[in-house]
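Data block below; observations after.
The values are calculated or read from the model by the stated rules, or taken from the named source; none is laboratory data. Predicted model, so just to flag it, every value in this text is computed and none were measured. All Cβ positions, even for glycine, are placed from backbone atoms using ideal geometry, and neighbour counts span all protein chains on display. In case anyone asks, the SASA skips ligands and DNA or RNA and just uses the protein heavy atoms, side chains included. Shrake-Rupley method; radii C 1.70, N 1.55, O 1.52, S 1.80 Å.
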Amino acid sequence: MAKTLQNKVAIVSGSCSGIGVAIVRELSSRGAYTVVNYPFSDLKEQAEHLVSSLPTPSLAVEADMSQIESPKRLVDAAVSQWGQIDIVVNSVGLAVNKPFEEQTLEDWDLLVNVNARGTFLLTQECLKHLTKGTGRIVNIASISARGPPPNQTIYSGTKGMIDSFTKCWAKELPPKYGCTVNAVSPGPTKTEGFADAGEEQMKILQPIIDQTPVGPRMGEPDEIAFAVAFLCEERARWINGTHIIASGGLFID
């Protein structure tokens, strides 16, 4: 593959599993240096194994995105190593699948802090170091924000915040920073997190997945990663405020 992102520095939150891993691999294959984010110390070996497998220089950084100080930790590591940030991918995300009546304040705090506040704070921190004129911000939303299934009240709400962040930032930030801000919304995707949805939730989701026009299956993480990387390319400089829905046509806005 052509090294179209050669020497670019990318921070990808939530990137030691699932879609985040695929995004890191895709960006690295195009020449970008990447910061791999893992949340807990027991995942250090997994994250370092990913880093060692990448074709470009990369860092594994422990940062639990539910914690206020974690976004700065990722940014400081990138700037200390490479002196700049060119690409920010807000990939971190957790879901809780429960009937509305059973969702708790603890669920609320966890999902809002990780999915929404983590994205808010990481983007703020990165702006201080984002390369002027060519920076890229890509937020991972979800089709659950616009066409949510049952049992995802809090998750779909947090992804709705990401959707709205993207629209607001796409208007506000480019005039100041010369960046672009876009979003990618995956449909059901074959990840560890989705596998943990549970049997009851899959009874709800499987008939929906089976209706996907392109094929009755879940998406592959690398299919989502391709859409993200496309938005990070230099030639995508005129694409701003766009929401790419990568769901095989399961949801069409």
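Could you list, in sequence order, the residues of region 128-139 that are surrounded by 21 or more Cβ atoms within 10 Å (Cβ to Cβ), closer than 13 Å to ILE239 by Cα and not basic (Lys, Arg)?
GLY135, ILE137, VAL138
Go through region 158-187 and report how many residues are without any contact (Cβ under 8 Å) to a residue 40 or more places away in the chain, touching a Ser or Thr at 6+ places or on another chain (Cβ under 9 Å) and over 20 Å from ILE244 (Cβ atoms).
So the answer is 0.
Got at least one residue in region 168-186 being open to solvent by 40 Å² or more (accessible area, probe 1.4 Å), at pLDDT below 95 and under 20 Å from the mean Cα position of the chain (by Cα)?
The answer is no; no qualifying residue exists.
Tell me which residues, restricted to region 66-114, are among the charged types (D, E, K, R) and in a helix (DSSP H, G or I).
Once the filter is applied, which keeps residues that are among the charged types (D, E, K, R) and in a helix (DSSP H, G or I), region 66-114 yields LYS72, ARG73, ASP76, GLU101, GLU102, GLU106, ASP107, ASP109.
Residue by residue, here is whether (1) surrounded by fewer than 24 Cβ atoms within 10 Å (Cβ to Cβ); (2) in contact with a helix residue (DSSP H, G or I) (Cβ under 8 Å, 6 or more places away or on another chain); (3) not acidic (Asp, Glu) holds:
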{"site": "ALA77", "(1), (2), (3)": "yes, no, yes"}
{"site": "SER91", "(1), (2), (3)": "no, yes, yes"}
{"site": "ASP107", "(1), (2), (3)": "yes, yes, no"}
{"site": "LEU121", "(1), (2), (3)": "yes, yes, yes"}
{"site": "GLN124", "(1), (2), (3)": "yes, yes, yes"}
{"site": "ALA141", "(1), (2), (3)": "no, yes, yes"}
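So, in region 8-21, exactly how many residues are part of a loop (DSSP other than H, G, I, E, B) and modelled with pLDDT of 95 or more?
4
Under 6 Å by Cβ, and 6 or more places apart or on different chains, what pairs join a residue from region 33-48 that is over 16 Å from TRP82 (Cα atoms) with one that is modelled with pLDDT under 95 and surrounded by 23 or more Cβ atoms within 10 Å (Cβ to Cβ)?
As it stands, the answer is TYR38/CYS16; LEU43/CYS16; GLN46/CYS16; ALA47/CYS16, since those pairs meet every condition given.
Out of the residues in region 34-65 that are in a loop (DSSP other than H, G, I, E, B) and surrounded by fewer than 18 Cβ atoms within 10 Å (Cβ to Cβ), state the one that is nearest to the chain's Cα centre (by Cα).
This residue is ASP64.
Out of VAL88, VAL96, VAL92, which single residue is among the β-branched types (Val, Ile, Thr), in contact (Cβ under 8 Å) with a residue 60 or more places away in the chain and under 19 Å from GLY187 (Cα atoms)?
VAL92
Which one is most open to solvent (accessible area, probe 1.4 Å) among residues in region 79-89 that are under 17 Å from TYR177 (Cβ atoms) and of a type in the set (A, V, I, L, M, F, W, C)?
Looking at residues that are under 17 Å from TYR177 (Cβ atoms) and of a type in the set (A, V, I, L, M, F, W, C), I get VAL79.
Exactly one condition in (1) basic (Lys, Arg); (2) within 21 Å of ILE19 (Cβ to Cβ); (3) part of a loop (DSSP other than H, G, I, E, B) is false for ARG117; which is it?
Only one criterion is unmet by ARG117, namely (3).
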